[in-house]
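The values are calculated or read from the model by the stated rules, or taken from the named source; none is laboratory data. From a predicted model like this one, the values you see are computed outputs, not experimental measurements. All Cβ positions, glycine included, derive from the backbone under ideal geometry; neighbour counts span all protein chains shown.
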Amino acid sequence: MIVEHRAARPSIDPTAYVAPTAVVCGDVHVGPGARILFGAVLTAEDGRVEVGRNCVVMENALVRGRDGHPARLGADVLVGPHAHVNGCEVAAGCFIATGAALFPGARLGAGCEVRIHGVVHVNSVLAPGTVVPIGWIATGDPAQLFAPGRHEELWAVQEGLDFPGTVYGLPRDAPARERMERQVAWFAAHRDDREVS
C-alpha cells in the first residue's frame, strides 16, 4: 500500500519492488533495485525515510523517519524480519538481523552487523565494521557493547543518552499521561492519510 502522509507521497524507483502487503507511507524514497517485502512498513512520520540501492527490507520490519531523526539506509543494506529501524542512519553494507532494534539518533558505520535481537540505543555511534552479538546492546558515542545481564554497567552509559528526551521530547520524570498525549497527537496525523496508486 502506498500512502500519502502529511501531504508527502512516496517516491519508488521503477526498478524497486514493493510487496502488495507492505506499507510505504509519506516522505519515503526507495532507491533502485530495492526490495520491500511482505508486511514491511516504511513510514515517514514527520521525518524522511531513504532506502538506498539494492537494499532489502524483509517481512514485518519497520523503518520509521522522525523529525530531527530521518531514517537512512545506505546501499546494499539488509534489514531482517521483524527488525525495528527508528530514526537512525545505517551506512552501506550493514546487516540488521531478525528482531534487531535501532533507536533514534543512532548511526552505524559501513559494514556493521547487528545480529539477532541486538540493540543499538538512542544517539549511539557504531564504528565501521562493528558487530553487535546476538542479544547484546550497543550504547554510547563511541558505542560500547554490553551482554544481557550487565544492566548496571549499561545504565551508567545509557542514562546520559536521554532516551525520553530523544524519543518523546520529555524529561525522564514526565508522567505517562503527558508522554502518551503527545504520542496520540503525533500519530493522529494518520487520520488524514490517503492511499495513492
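Annotations
- Residue in the stretch 141-164 that is surrounded by the most Cβ atoms within 10 Å (Cβ to Cβ), counting only those that are within 13 Å of His121 (Cβ to Cβ) and in contact with a Pro (Cβ under 8 Å, 6 or more places away or on another chain): Leu145
- Boolean, Arg115 is closer than 21 Å to Leu78 by Cβ and among the charged types (D, E, K, R): yes
Residues checked against (1) out of contact with any strand residue (DSSP E or B) (no Cβ under 6 Å at 6 or more places or on another chain); (2) free of Cβ contacts under 8 Å to residues at least 40 places away in the same chain:
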site	(1), (2)
His5	no, no
Pro20	yes, yes
Val30	no, yes
Arg53	yes, yes
Gly65	no, yes
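- Looking only at residues in the stretch 6-52 that are farther than 24 Å from Gly93 by Cα and surrounded by 21 or more Cβ atoms within 10 Å (Cβ to Cβ), the one that is modelled with the lowest pLDDT is Glu45.
- Test: residue in the stretch 11-18 that is assigned to a loop (DSSP other than H, G, I, E, B) and within 21 Å of Asn86 (Cβ to Cβ): no
- The lone exception for Ala75 - which of (1) closer than 21 Å to Phe163 by Cα; (2) assigned to a loop (DSSP other than H, G, I, E, B) it fails: (1)
- Test result for Thr21, within 23 Å of Val196 (Cβ to Cβ) and either hydroxyl-bearing (Ser, Thr, Tyr) or in a strand (DSSP E or B) (or both): yes
- Residues of the stretch 81-90 satisfying the condition of being touching a Gly at 6+ places or on another chain (Cβ under 7 Å) and surrounded by 20 or more Cβ atoms within 10 Å (Cβ to Cβ): Ala83, Gly87, Cys88, Val90
- Scanning the stretch 167-179 for residues that are at pLDDT 85 or above and of a type outside the set (D, E, K, R) returns Leu170, Pro171, Ala174, Pro175, Ala176.
- Taken over the stretch 91-129, residues that are among the β-branched types (Val, Ile, Thr) and surrounded by fewer than 20 Cβ atoms within 10 Å (Cβ to Cβ) amount to 3.
- The lone exception for Arg182 - which of (1) surrounded by 12 or more Cβ atoms within 10 Å (Cβ to Cβ); (2) within 30 Å of Gly74 (Cα to Cα); (3) modelled with pLDDT under 90; (4) of a type outside the set (A, V, I, L, M) it fails: (2)
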